[in-house]
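The values are calculated or read from the model by the stated rules, or taken from the named source; none is laboratory data. Bear in mind the structure is a predicted one, so any value in this text is a computation, not a measurement. Because the Cβ atoms are built from the backbone with ideal geometry, glycine has one as well, and the counts that use them run over all protein chains shown.
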Amino acid sequence: MTRRCRHFPLTPIPGRSSANSCENRRVLCTGGSHLEEPVAMKAFRRLFSVRTATGKLVFSALLIALSCLGLFWPLAQQSASSRSGTTEAPVDWQSEIKDYAATYRVAADGHVAATEVLTVQLGANRHGIFRFFPVADPTDPHARMVPSISDITMDDRAVPVSYEWRDSRRVYVARIGDPNATVSPGLHTYAISYTVDGGLVRPPTAPGHFTNHAGVNSTTPTASFYYNVVGFWTMRIGAAHVSIDLPGPSGSTQCAADDTGATPCAITGAGTDHVTVTTAGLPPQNPVTVRIDLPVPLPHRATLPWTVRFDKTFSRSLPAAGLVALLSVLAALGGYLWDRRSREASPGTPVLYVPPDGLGPAQTAYIVTEGVGDHALVATLLYMAERRLVRLDRAGSTRWTVTGLATPEQWAAADPVTREVGDALGVTTAGAKFSLTGSQTAGSKLSKATDRLVSSCRSWARTQGLMVTVGAEWAGRLLVIACLVLAIVGFAGAFTWTMWGLPFAAFALGGIGLLASGVGTRRTPSGRRMWSRAAGFRRLLATPSAEDRFDYSAHRDLFVSYIPYAVAFGVAEAWAAKYRAATGSEPPIPDWYPAPRDTSPATLYSSPGGFASFDSAVSASISAYNASQSSSSSSGGSSFSSSGGSWGGGGGGGGGTW
């Protein structure tokens, strides 16, 4: 079988200048499968791990970015829709509005009560008509015109109506008719009654662009009624008659049925409080727009700080948006305080020159970090070899054999975690062998051994009274997970406005540390004392604080015996560097580690050919197993004030058939 290799760049080894030298590359070879780079995988996990300050910062930044995306995705959707271009609705040439009669009663407070009566010649296979109402106010981007439909009939009888919001809740649609039945072709009369606020707007400074004019302003107008009294209907309109009752005598009255004047638009009643507008022969999608200036006080209009484009995000209620903002701040604070309460104050960690009595490397690391780390299994195997419980034999960069050497009595004297790993690998009997070949079988056994190592560490800590379970921390962890799920649901719009996902995301962000390993347990007083000793021993391995007080030359055997602990803490290179700095010579090579003949002490502790080679063999086998499991499971502002209004700009919506 052809051997295939993959090369992964690593940090250059000090003293080696060539970026392409063998020491600066990791080569993982298998009998025919490409394996993932363990170091890169571990670095990625650490980067996104909430256990480290950097990982917590990265994870928090990612959560903030995703929250912003969840909050404002409707804007992207609207922008994409606008970039795709405006597509006209299909015209129904087989249907026609024979007569359109509308009445608008405008109150002094701007409240408009409207009734539209449409006599429609429906074509075949039609369920009925629909009416849509845009919420945006063309005269003020911060105002809204939300309709309230009070009654809809067909041929003076009740008719099924379904309502829905479209375009990120910017358009309200009434679908009139039975979706399971069609209406007989011919004449049918539809009556639609609704109300809307905001009918009176601030009069513009410009005269506007209208084709028909009547009446004059005897005084400076203080309000205007500006509206498409005939909407964008996708049918021809034979005749239209609009009656408008006003809260005061009308001044300048203008209308337009097109932008050229080709379609007549007759105005009567200018100067009175009752104005009528009539027209005929309107083509499809042809509104009729009116602007009537009035000498009445301009009523107060409710506005929002944001434009209609942000309604799907922030709703149409300033108090509701403020409430969500307050809840988000409180949720973030609550999550942070919950997370802070879960943290244990570090005990004093004076440097110790020996590990805690009876503890193997995995236990020592576990009592410090409440986790076993990335190298616990390898450290335990090295510890077994150092204690002469097993022998390590090397047959290649990724092929190793672990052979049992010890008697049952010797295994019984070992710590419980070491015994558990030996039992999981089947090497607790003298002469028993376990081969690391990169195969799925070896990977499966190593994966199970890792699981047993973790569970054994937890069981040992609880049995010895070093750690206890804290229900409040587990509740906080579960709440963070639940809030992450609810944030996704809220941002998806399940609660109408995407802002409702924010309080849940805020709690998860504030309490993100509750997802770190170790949360849910707390060290007892005896556990804190053990923590202090284990952390003090780690300082010996990793920091230069005790260089002058530890006689490395006189304790070469201790230096070697501490290597498995240094591997467990991930500080093997730092431990070797301390020896090098203190003695001026390279650290010794353990007699229990089968390094190649040409291996120097420097490469043993820092290069891929040293302890990392054994780590890679273990990781490669587990990667092969995991890979097999994965494969088998398989808006801008308004122009009304500057332009004075024009044909088609008065809002009011429209409709069609379906």
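Summary of values
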read-out: Which numbered condition Ala240 fails, given (1) farther than 21 Å from Ala114 by Cβ; (2) small (Gly, Ala, Ser); (3) not in a loop (DSSP other than H, G, I, E, B); value: (1)
read-out: Single match in Gly527, Gly490 (criterion: within 16 Å of Thr369 (Cβ to Cβ) and among the small types (Gly, Ala, Ser)); value: Gly527
read-out: Test: residue in the stretch 582-604 that is at pLDDT 65 or above, under 25 Å from Thr380 (Cβ atoms) and part of a helix (DSSP H, G or I); value: no
read-out: Count of residues meeting criterion [in a helix (DSSP H, G or I), crowded, with 16+ Cβ neighbours inside 10 Å and of a type in the set (S, T, N, Q)] in the stretch 441-485; value: 4
read-out: Enumeration of residues in the stretch 151-173 that are under 30 Å from Phe310 (Cβ atoms) and in a strand (DSSP E or B); value: Val161, Ser162, Tyr163, Glu164, Trp165, Arg166, Val171, Tyr172, Val173
read-out: Options Thr364, Thr369; residue that is touching a Pro at 6+ places or on another chain (Cβ under 6 Å), within 24 Å of Gly520 (Cα to Cα) and surrounded by 16 or more Cβ atoms within 10 Å (Cβ to Cβ); value: Thr364
read-out: Subset tally (residues that are out of contact with any strand residue (DSSP E or B) (no Cβ under 8 Å at 6 or more places or on another chain) and not in a loop (DSSP other than H, G, I, E, B)) for the stretch 119-148; value: 1
read-out: Criterion violated by Thr220 - all others in (1) farther than 14 Å from Ile292 by Cα; (2) surrounded by fewer than 19 Cβ atoms within 10 Å (Cβ to Cβ) satisfied; value: (1)
read-out: Identity of the residue in the stretch 160-192, of a type in the set (A, V, I, L, M, F, W, C) and touching a Phe, Trp or Tyr at 6+ places or on another chain (Cβ under 8 Å), that ends up farthest from Thr313 (Cα to Cα); value: Ile176
read-out: Odd one out for Ala191 among (1) over 22 Å from Val288 (Cα atoms); (2) outside any loop (DSSP other than H, G, I, E, B); (3) of a type in the set (Gly, Ala, Ser); value: (1)
read-out: Extreme residue, surrounded by the fewest Cβ atoms within 10 Å (Cβ to Cβ), among residues of the stretch 486-535 that are under 23 Å from Phe569 (Cβ atoms) and aliphatic (A, V, I, L, M); value: Leu515
read-out: Selection from the stretch 129-143 of residues that are under 21 Å from Ile192 (Cα atoms), of a type outside the set (A, V, I, L, M, F, W, C) and in contact with a Ser or Thr (Cβ under 7 Å, 6 or more places away or on another chain); value: none
read-out: Of the criteria (1) on the phi > 0 side of the Ramachandran plot; (2) of a type outside the set (Asp, Glu); (3) surrounded by 16 or more Cβ atoms within 10 Å (Cβ to Cβ), which one Ile192 fails; value: (1)
read-out: Failed item, numbered, when Gly110 is tested on (1) under 30 Å from Gln78 (Cα atoms); (2) out of contact with any Leu (no Cβ under 7 Å at 6 or more places or on another chain); (3) part of a loop (DSSP other than H, G, I, E, B); value: (2)
read-out: Any hit, the stretch 421-438, residues being outside the structural domain of Trp165 (by the TED database), modelled with pLDDT under 95, assigned to a helix (DSSP H, G or I) and polar (S, T, N, Q); value: no
read-out: Residue among Gly271, Gly335 that is out of contact with any strand residue (DSSP E or B) (no Cβ under 7 Å at 6 or more places or on another chain), on the phi > 0 side of the Ramachandran plot and either at pLDDT 90 or above or not acidic (Asp, Glu) (or both); value: Gly271
read-out: Of all residues making up the stretch 342-359, the number that are among the charged types (D, E, K, R) and modelled with pLDDT under 90; value: 2
read-out: Test: residue in the stretch 113-132 that is closer than 30 Å to Leu298 by Cα and under 40 Å from the mean Cα position of the chain (by Cα); value: yes
read-out: Tally of residues being part of a strand (DSSP E or B) and touching a helix residue (DSSP H, G or I) at 6+ places or on another chain (Cβ under 8 Å) across the stretch 194-211; value: 2
read-out: Count of the stretch 568-587 residues which are crowded, with 17+ Cβ neighbours inside 10 Å and either over 18 Å from Arg538 (Cα atoms) or not assigned by the TED database to the domain that holds Thr401 (or both); value: 1
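Yes/no matrix, rows are residues, columns are (1) assigned to a strand (DSSP E or B); (2) basic (Lys, Arg):
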site	(1), (2)
His213	yes, no
Asn217	no, no
Phe225	yes, no
Val229	yes, no
Thr278	yes, no
Thr289	yes, no
Arg301	no, yes
Pro305	no, no
Arg309	no, yes
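Let's see how each residue does on (1) buried (at least 17 other Cβ atoms within 10 Å of the Cβ); (2) under 13 Å from Tyr562 (Cα atoms); (3) in contact with a strand residue (DSSP E or B) (Cβ under 9 Å, 6 or more places away or on another chain); (4) not assigned by the TED database to the domain that holds Gly422:
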position: Ala321; (1), (2), (3), (4): yes, no, no, yes
position: Ser328; (1), (2), (3), (4): yes, no, no, yes
position: Leu352; (1), (2), (3), (4): yes, yes, no, yes
position: Pro355; (1), (2), (3), (4): yes, yes, no, yes
position: Asp374; (1), (2), (3), (4): yes, no, no, no
position: Thr380; (1), (2), (3), (4): yes, yes, no, no
